[in-house]
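Chemist: Mind looking over this structure? Questions follow.
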There are 4 protein chains.
Amino acid sequence: MLEELKEEVCAANLLLQQAGLVVLTWGNASGIDRERGLVVIKPSGVSYEEMSAEQMVVVDLEGNVVEGDLRPSSDTPSHLVLYRELEDIGGIAHTHSTYATAWAQACRSIPCYGTTHADHFRGAVPVTRPLELEAVRGSYEQETGWAIVRAVANKSLKEFPGILVAQHGPFTWGESVSEAVHNSIIVEQIARIAAVTEGLAPTVGPINDELRDKHFLRKHGPEAYYGQAGGQRH
Amino acid sequence: MLEELKEEVCAANLLLQQAGLVVLTWGNASGIDRERGLVVIKPSGVSYEEMSAEQMVVVDLEGNVVEGDLRPSSDTPSHLVLYRELEDIGGIAHTHSTYATAWAQACRSIPCYGTTHADHFRGAVPVTRPLELEAVRGSYEQETGWAIVRAVANKSLKEFPGILVAQHGPFTWGESVSEAVHNSIIVEQIARIAAVTEGLAPTVGPINDELRDKHFLRKHGPEAYYGQAGGQRH
Amino acid sequence: MLEELKEEVCAANLLLQQAGLVVLTWGNASGIDRERGLVVIKPSGVSYEEMSAEQMVVVDLEGNVVEGDLRPSSDTPSHLVLYRELEDIGGIAHTHSTYATAWAQACRSIPCYGTTHADHFRGAVPVTRPLELEAVRGSYEQETGWAIVRAVANKSLKEFPGILVAQHGPFTWGESVSEAVHNSIIVEQIARIAAVTEGLAPTVGPINDELRDKHFLRKHGPEAYYGQAGGQRH
Amino acid sequence: MLEELKEEVCAANLLLQQAGLVVLTWGNASGIDRERGLVVIKPSGVSYEEMSAEQMVVVDLEGNVVEGDLRPSSDTPSHLVLYRELEDIGGIAHTHSTYATAWAQACRSIPCYGTTHADHFRGAVPVTRPLELEAVRGSYEQETGWAIVRAVANKSLKEFPGILVAQHGPFTWGESVSEAVHNSIIVEQIARIAAVTEGLAPTVGPINDELRDKHFLRKHGPEAYYGQAGGQRH
């Protein structure tokens with residue numbers, strides 16, 4: 001079942017690695033079939049060299065395995081909270097990429113220091129609050145999902161296609177799993193350039209709202225003129 | 001039409017990516033046929049994996065598409081201002097490469113800290129002023145071009161083959177699109193070494209003018225003795 | 001003799017290089033056959049391009065060469081101390097990878113700044129004390145091994161699968177040589193993210209013990225649910 | 001003539017690029033036939049993609065081209081001063097590799113912060129004084145060579161197989177051009193680890209002389225036991 005989505009999810013996971021965002025097996029991407037309410041996700045701890053579409057695991061929105069011989073990613077409950085609460089998203093990616101993880105460990109949002117950032121996020125890349133002790137002791141992976149949901153409660157998911165989980169690392173999303181992975185690549189590069197920027201100019205501030213919106217909207221607004229009409233915009 | 005220039009522009013865009021200066025589709029290079037007054041430029045938002053010479057878009061100096069099925073790069077108006085105002089240049093490249101973009105986001109010119117820099121720029125790599133709000137609200141991409149033109153008004157384009165647009169990223173140029181792309185590679189490497197230099201010696205100053213000119217002129221002056229006579233000098 | 005172990009040790013050494021942890025010939029990995037009390041280790045100063053399983057050297061626990069035409073790694077005595085004193089380990093790897101070596105040169109343990117770290121170490125990556133002058137003048141490589149043994153005396157080797165030797169570099173271990181090499185990859189990535197984290201937030205502290213243990217135990221505890229049951233967990 | 005040396009010099013130059021030390025054409029390596037008093041060096045400004053052994057240029061110790069259709073590297077006079085004054089060396093390499101160049105631009109020698117460094121240099125990697133204005137205005141490339149000669153006047157060339165030219169970049173040497181290039185790789189990696197070390201521990205000092213000598217001598221001393229007897233030691 002869901003063969004096409006499995007292929008897409010497998011390819012997206014492999015792209016995470018090809019893009020240099022993943023060390024060993026650290027990372028996972030998933031996609032959802034909204035009509036059927038089923039999620040396809042990477043199995044836990046499987047090496048990228050051996051990964052195939054057939055290995056992808058199908059779970060329902062409560063986390064029951066519907067198809068697949070392998071255990072799904074241990075982060076599956078985080079993904080499921082996001083799919084249940086954020087109805088517009090079709091795919092999710094999670095990595096421990098170097099620079100985005102460093103910002104997450106620093107418990108800092110990434111300020112919008114330039115147009116490269118503004119092309120993709122309409123403001124700082126947000127960071128969640130660190131989890132409370134009870135949340136860590138409880139349903140930890142679900143609580144991670146809830147921390148994300150709270151942090152984007154008043155935001156457009158298109159304007160903020162990802163977030164940093166404090167002390168952990170980045171989660172990104174999109175209309176598809178492929179778009180979610182592209183957004184992981186984007187967050188890592190934004191994070192890297194911002195870190196170097198602060199080294200060169202410790203007191204620099206974010207760009208003004210007009211420049212930020214000009215760039216974001218020319219790419220993602222109703223009158224966007226970046227990319228090919230109807231085509232992919234990455 | 002302009003098949004040779006299309007091949008050259010396509011190859012130059014691909015080189016940007018092979019050199020590691022481009023993430024996803026962030027970057028563009030163009031070349032001009034001065035006799036016909038036509039510019040060949042990369043289409044907007046097309047992935048490098050699929051890029052071919054036939055996809056390159058031909059525009060006139062006012063930005064009208066003369067040939068091509070795809071929309072030209074959204075930065076085309078910036079390129080066209082440069083081609084109209086800087087008559088000696090034959091090619092332009094624009095990237096969001098990590099270190100050059102970080103200097104641009106820091107709104108800092110790159111000081112000439114060593115001979116690697118002086119081999120290619122006869123002084124600091126300049127940075128534009130940040131755009132005024134009216135410029136952002138107006139014909140933004142053209143204004144970006146004008147900010148560059150103002151910043152190089154009193155400079156030799158051979159002595160300063162590129163610039164940082166504040167809060168944005170590097171633009172470089174050359175006699176050909178190939179040379180422009182080489183200058184993008186050079187600016188990124190200069191930017192990277194300079195960032196590390198400041199980490200090691202926060203109070204270091206630029207090299208003296210004699211050493212700077214010795215290196216620049218042995219490579220680019222009337223009595224240059226670097227490279228092969230009549231050959232390419234990169 | 002020990003053909004299978006030789007293949008495994010050779011492959012593990014090659015993986016060190018493929019993972020970018022090794023420059024020239026700087027690094028070595030070994031594995032032990034506990035029943036026979038024999039260790040297989042990389043020969044000293046042999047280039048990775050030419051490395052083959054047959055070249056691997058077999059030594060006993062006192063360092064006598066049992067089989068092999070080449071001289072074993074000059075760090076062999078350090079490995080042997082660890083195999084004699086730490087009876088649970090089956091493999092060892094030693095590198096001069098950039099970031100882990102920098103922390104070792106800084107004589108600092110790596111604080112547990114996030115879940116990426118806690119997934120693999122149940123606390124800071126420890127660092128030995130610098131060797132005393134007498135130790136340097138004496139049986140230096142053995143003393144290096146002893147410094148490691150002292151530093152992990154009260155620790156679980158599964159909770160701390162590696163260490164930094166002060167002023168030198170990382171040593172890691174595992175049930176097999178393959179696991180030891182995976183732990184070298186992990187230590188380098190942890191070291192790198194932690195260095196960037198401190199640049200972004202100089203006063204950040206380690207994560208709390210609950211979050212640290214949650215991550216460590218979900219992957220390595222008795223009720224671990226990361227990875228596939230019975231499968232490898234990297 | 002000198003076909004074998006040409007092959008060796010060509011291969012060494014290509015290795016500089018494969019090792020990531022060279023951007024575009026920035027770098028050169030040469031080797032000398034001491035019996036004939038002839039030096040083989042890379043031609044100036046030739047791209048690595050097209051480089052072949054036949055292109056290598058043969059010059060005598062006064063710089064006259066003895067064989068070759070191309071102009072020799074513009075740094076040839078620096079190489080020749082070194083060959084004339086430092087009679088033990090058989091090969092030289094010069095790069096603008098990122099971290100070594102940054103230390104050179106910082107006008108700082110690289111302190112010996114750990115055993116990785118001590119394995120190859122018996123103390124800090126030295127740096128020349130910046131050239132005086134008269135030296136820049138005079139026979140500049142020769143003066144660069146003289147600055148190196150002065151800086152290593154009281155040092156063993158085996159204990160210090162390279163140097164940083166202030167405001168410029170690293171030069172390294174060895175018994176052969178291959179060894180010189182290996183030393184360029186070593187200097188870059190030492191420079192990189194040292195830069196990260198200072199970021200983690202700004203007040204760290206060099207290791208003590210006993211540890212430094214222990215490492216240097218076990219690899220390069222009369223009773224060296226690293227590597228295979230009679231074999232290469234890299």
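The values are calculated or read from the model by the stated rules, or taken from the named source; none is laboratory data. Quantities reported herein were computed from a predicted structural model and do not represent experimental measurements. Methodologically, a virtual Cβ is constructed for each residue, glycine included, from the backbone with ideal geometry; neighbour enumeration extends over all protein chains shown.
Chemist: Can you pull out every residue in the stretch B:199-210 that is at the interface with another protein chain (Cβ under 7 Å from one of its Cβ atoms) and in contact with a Gly (Cβ under 9 Å, 6 or more places away or on another chain)?
Modeler: B:199, B:207
Chemist: Which condition number does residue A:91 fail, the rest of (1) farther than 18 Å from residue A:182 by Cβ; (2) more than 11 Å from chain C (Cβ to nearest Cβ) being met?
Modeler: Residue A:91 satisfies every listed condition except (1).
Chemist: Here's another thing I want to ask about it. Restricting to the stretch A:135-152, and then to whatever is β-branched (Val, Ile, Thr) and farther than 17 Å from residue A:87 by Cα, can you tell me which residue is surrounded by the most Cβ atoms within 10 Å (Cβ to Cβ)? Break it down stepwise before answering.
Modeler: Filtering the stretch A:135-152 down to residues β-branched (Val, Ile, Thr) leaves A:136, A:144, A:148-149, A:152.
Going one step further and asking which of them are farther than 17 Å from residue A:87 by Cα, we end up with A:136, A:144.
Values: A:136: 20, A:144: 25.
Top of the filtered list is A:144.
Chemist: So residue A:99 clears everything in (1) surrounded by fewer than 20 Cβ atoms within 10 Å (Cβ to Cβ); (2) within 14 Å of chain C (Cβ to nearest Cβ); (3) touching a residue at least 40 places away in the same chain (Cβ under 8 Å) except one condition, right? Which one?
Modeler: (1)
Chemist: Then there's this: Out of all the residues in the stretch D:172-193, which are within 11 Å of the chain's Cα centre (by Cα) and of a type in the set (A, V, I, L, M, F, W, C)?
Modeler: D:173, D:177, D:180, D:181, D:185, D:186, D:187 - these are the residues of the stretch D:172-193 that are within 11 Å of the chain's Cα centre (by Cα) and of a type in the set (A, V, I, L, M, F, W, C).
Chemist: Using the structure shown, decide if residue C:104 is within 12 Å of chain D (Cβ to nearest Cβ), touching a residue at least 24 places away in the same chain (Cβ under 8 Å) and not aromatic (Phe, Trp, Tyr). Explain how you work it out, then say what you get.
Modeler: Details: within 12 Å of chain D (Cβ to nearest Cβ): yes; touching a residue at least 24 places away in the same chain (Cβ under 8 Å): yes; not aromatic (Phe, Trp, Tyr): yes.
Here the answer is yes, as residue C:104 does meet what is asked.
Chemist: Let me ask you something else. Which of (1) closer than 30 Å to residue B:228 by Cβ; (2) more than 14 Å from chain B (Cβ to nearest Cβ); (3) touching a helix residue (DSSP H, G or I) at 6+ places or on another chain (Cβ under 9 Å) is the odd one out, the single condition residue D:158 does not satisfy?
Modeler: Here residue D:158 meets the rest and fails (1).
Chemist: Yes or no: residue D:80 away from chain B (no Cβ under 14 Å) and under 17 Å from residue D:163 (Cβ atoms)? Spell out the reasoning first.
Modeler: Numbers: away from chain B (no Cβ under 14 Å): yes; under 17 Å from residue D:163 (Cβ atoms): yes.
For residue D:80, the condition - away from chain B (no Cβ under 14 Å) and under 17 Å from residue D:163 (Cβ atoms) - is met.
Chemist: So if I check each of C:195, C:153, which one is in contact (Cβ under 8 Å) with a residue 40 or more places away in the chain, of a type outside the set (Val, Ile, Thr) and closer than 24 Å to residue C:94 by Cβ?
Modeler: On the way: C:153 fails: in contact (Cβ under 8 Å) with a residue 40 or more places away in the chain.
That would be C:195, the only listed residue that is in contact (Cβ under 8 Å) with a residue 40 or more places away in the chain, of a type outside the set (Val, Ile, Thr) and closer than 24 Å to residue C:94 by Cβ.
Chemist: Answer yes or no as to whether residue D:67 is free of Cβ contacts under 8 Å to residues at least 60 places away in the same chain and charged (D, E, K, R).
Modeler: Working: free of Cβ contacts under 8 Å to residues at least 60 places away in the same chain: no; charged (D, E, K, R): yes.
No; evaluated as a whole, the condition is false for this residue.
Chemist: Test residue A:210 against the stated conditions and say whether it is within 30 Å of residue B:199 (Cα to Cα), surrounded by fewer than 23 Cβ atoms within 10 Å (Cβ to Cβ) and among the acidic types (Asp, Glu). Quick ask: steps written out before the conclusion?
Modeler: Values: within 30 Å of residue B:199 (Cα to Cα): no; surrounded by fewer than 23 Cβ atoms within 10 Å (Cβ to Cβ): yes; among the acidic types (Asp, Glu): yes.
Against the criterion (within 30 Å of residue B:199 (Cα to Cα), surrounded by fewer than 23 Cβ atoms within 10 Å (Cβ to Cβ) and among the acidic types (Asp, Glu)), residue A:210 does not qualify.
Chemist: Look at residue C:158 and say whether it is of a type in the set (Lys, Arg), more than 29 Å from residue A:111 (Cα to Cα) and at pLDDT 95 or above. Explain how you work it out, then say what you get.
Modeler: Details: of a type in the set (Lys, Arg): yes; more than 29 Å from residue A:111 (Cα to Cα): yes; at pLDDT 95 or above: yes.
So residue C:158 fits the description; yes.
Chemist: With over 14 Å from the mean Cα position of the chain (by Cα), surrounded by fewer than 20 Cβ atoms within 10 Å (Cβ to Cβ) and without any contact (Cβ under 8 Å) to a residue 12 or more places away in the chain as the only criterion, which of A:132, A:85, A:62 stands out? It would help to see each step written out before you state the result.
Modeler: On the way: A:85 fails: without any contact (Cβ under 8 Å) to a residue 12 or more places away in the chain; A:62 fails: without any contact (Cβ under 8 Å) to a residue 12 or more places away in the chain.
Answer to the selection: A:132.
Chemist: Right, something else. Step by step: first the residues of the stretch D:178-198, then only those that are of a type in the set (D, E, K, R) and at the interface with chain C (Cβ under 9 Å from one of its Cβ atoms), then the one that is farthest from residue C:135 (Cα to Cα). Which residue is that? Outline the logic, then answer.
Modeler: Step one: of the stretch D:178-198, the residues of a type in the set (D, E, K, R) are D:179, D:188, D:192, D:198.
From what's left, at the interface with chain C (Cβ under 9 Å from one of its Cβ atoms): D:188, D:192, D:198.
On the way: D:188: 30, D:192: 28, D:198: 26 Å.
By that ranking, first place goes to D:188.
Chemist: Of the numbered conditions (1) closer than 30 Å to residue D:3 by Cα; (2) touching a strand residue (DSSP E or B) at 6+ places or on another chain (Cβ under 9 Å), residue D:62 satisfies every one except a single condition; which is it?
Modeler: Failing condition for residue D:62: (2).
Chemist: Being closer than 26 Å to residue B:191 by Cα, crowded, with 21+ Cβ neighbours inside 10 Å and small (Gly, Ala, Ser), is that true of even one residue in the stretch B:33-44?
Modeler: no
Chemist: Please state which one of B:124, B:166, B:118 is more than 10 Å from chain A (Cβ to nearest Cβ) and either surrounded by fewer than 20 Cβ atoms within 10 Å (Cβ to Cβ) or over 28 Å from residue D:21 (Cβ atoms) (or both). Show your work before the answer.
Modeler: Numbers: B:166 fails: more than 10 Å from chain A (Cβ to nearest Cβ); B:118 fails: either surrounded by fewer than 20 Cβ atoms within 10 Å (Cβ to Cβ) or over 28 Å from residue D:21 (Cβ atoms) (or both).
Exactly one residue qualifies, and that residue is B:124.
Chemist: When you look at residue B:110, is it among the β-branched types (Val, Ile, Thr) and over 21 Å from residue D:103 (Cα atoms), yes or no?
Modeler: Working: among the β-branched types (Val, Ile, Thr): yes; over 21 Å from residue D:103 (Cα atoms): no.
No; evaluated as a whole, the condition is false for this residue.
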